[in-house]
1. Can you compute the modelled spin-label distance between B:GLU3 and B:ARG53, with each label point 7 Å from Cα toward Cβ, in nm?
2. What nm distance separates the two modelled labels at A:SER101 and A:ARG166, each placed 7 Å from Cα along Cα→Cβ?
3. Under the rule of at least 5 residues apart or a separate chain, name every residue whose amide H is placed under 5 Å from the amide H of A:LEU93.
4. In whole Hz, what ³J(HN,Hα) sequence does region A:12-24 give by Karplus (6.51, -1.76, 1.60; θ = phi - 60°), x for Gly and Pro?
5. What's the extension gain from B:ASP100 to B:VAL141 if we count 0.36 nm per residue and subtract their Cα-Cα distance?
6. Amide H to amide H under 5 Å from A:SER205: which residues, 5+ apart in sequence or cross-chain, H placed 1.01 Å off N in plane?
7. What residues have an amide H closer than 5 Å to that of A:LYS200, excluding those fewer than 5 places away on the same chain, when H is modeled at 1.01 Å from N in the peptide plane?
Amino acid sequence: MSIDDERDVAERLDGALQAITPSPAPVGAALRKGRAIRARRRIAAAVAAAAAVAAISAGVSIVLRAGPAPAPRTTGSPPVTVHQPGPGSPPGLIAWGAAGSRRWRATVSQAPRGLLGFCIAVTAVRPQCESAWYLTRSSPVNLGTVRGQGESATAGPVWHGVTRVRVWLSGGTVLSLHPVAASGLRWVAFVLPARVTIVKIVAYSARGELAHAAACRYLAPGRCTPPP
Amino acid sequence: MGERAEAEFSEFMQGRWPTLVRFGYGLTGDVGLAEDLAQTALAKAYASWPRVRRAGDPDAYVRKIMLNANRNRFRKRRVAESLAGVTPDRETPDPAGRHDDRAALMAALRGLPHRQRAVVVARHWLDMTETEVAAALGCSVGTVKSQGSRALAKLRTSAELADGVCHEHR
């Protein structure tokens, strides 16, 4: 007996495998197991969010690498732009843009030392993973702001239902941020040049406004007072 | 998920169960393991049934899970299969005496590395294309071709198939 060609293999395999008589299909067991898998996935998603809250220490630190000095202001506010990553972008990139004359990129990656959480690196030159963020279920958008050498970087995760975050800036610019998925969460990020401040932030779902805040860490209705 | 999805999945599972168990037997050489693989894969398919149905090819989804689960068996536990020559007790009656032939082939298959075995069974019994096998195994089409060629070369020269006797390997 020998294996001569592929058809020979197919025929012999068929003969060998068709000889097996499986037991009756355990449909009930598969249904129960499938429901249990679905339930575990839902729990795991909730636990991951909670673990990110619990395991990461509060406080945000973002270091901006030294880069070219910002161009002197002449008239009006310095330009502020935010862009979503396009196809083929590096993994973890959630936004990029310009703060005045300095370009920046915001990326999400696993926090160092095996912590459950993430780092946001904003730099004008090369990415540095410096900071960790946490998510609170009470806020549709959880933003933290860190000040660097003149610039301020603001970033954070958002709820699944948040479709857009608009940021009103001093000087009249309005940024429209679209959440980008990375490391299991959805994120927004932007960098402001010196002397440009946040006036108001509003989060939107598909149905309309979700929550708003003014120049505050947490974005939730009624939690922050407007600036003077 | 509603009753309709449950009924749809049940019908799917009833129809595919024998083929999937036989596929699993080809991969593992053990009927019990084969049924475990098939049941686990079907349960995972049910857990994502709406998405699986929308993708349009639940068979491909289930086969891929079975192949991955079989591969993970080796990764996690470094299973050294016992290549027993004992045939499973759930074979159909064998009036024509083809038992030795089947046993010899299964022993020869069990002598292959698990990836080569998967390629042989997927390509030559399930009639999956090289592209489908590559997608299911998470490797390139070139790898499927090379693994398939090596597997056939080994089967051609296997001791089990040369003399029709089922050898025990230790």
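1. 1.5
2. Calculated label separation equals 3.3 nm.
3. Under 5 Å from the amide H of A:LEU93: A:VAL108.
4. Once rounded to whole Hz, the list reads 5, 4, 4, x, 5, 7, 5, 6, 7, 10, x, 6, x.
5. Details: separation 41, 0.36 × 41 = 14.76 nm, distance 3.39 nm.
Stretched fully, the B:ASP100-B:VAL141 segment lengthens by 11.4 nm.
6. So A:SER205 has HN proximity to A:THR163, A:LEU210.
7. Here A:TRP168, A:ALA215 satisfy the definition.
Values quoted throughout were computed directly from the atomic coordinates according to the rules given, and no laboratory measurement underlies them. This one's a predicted model, so the numbers in the text were calculated from it and none came from an experiment. Every residue, glycine among them, receives a Cβ derived from its backbone with ideal geometry; neighbour counts consider all protein chains shown.
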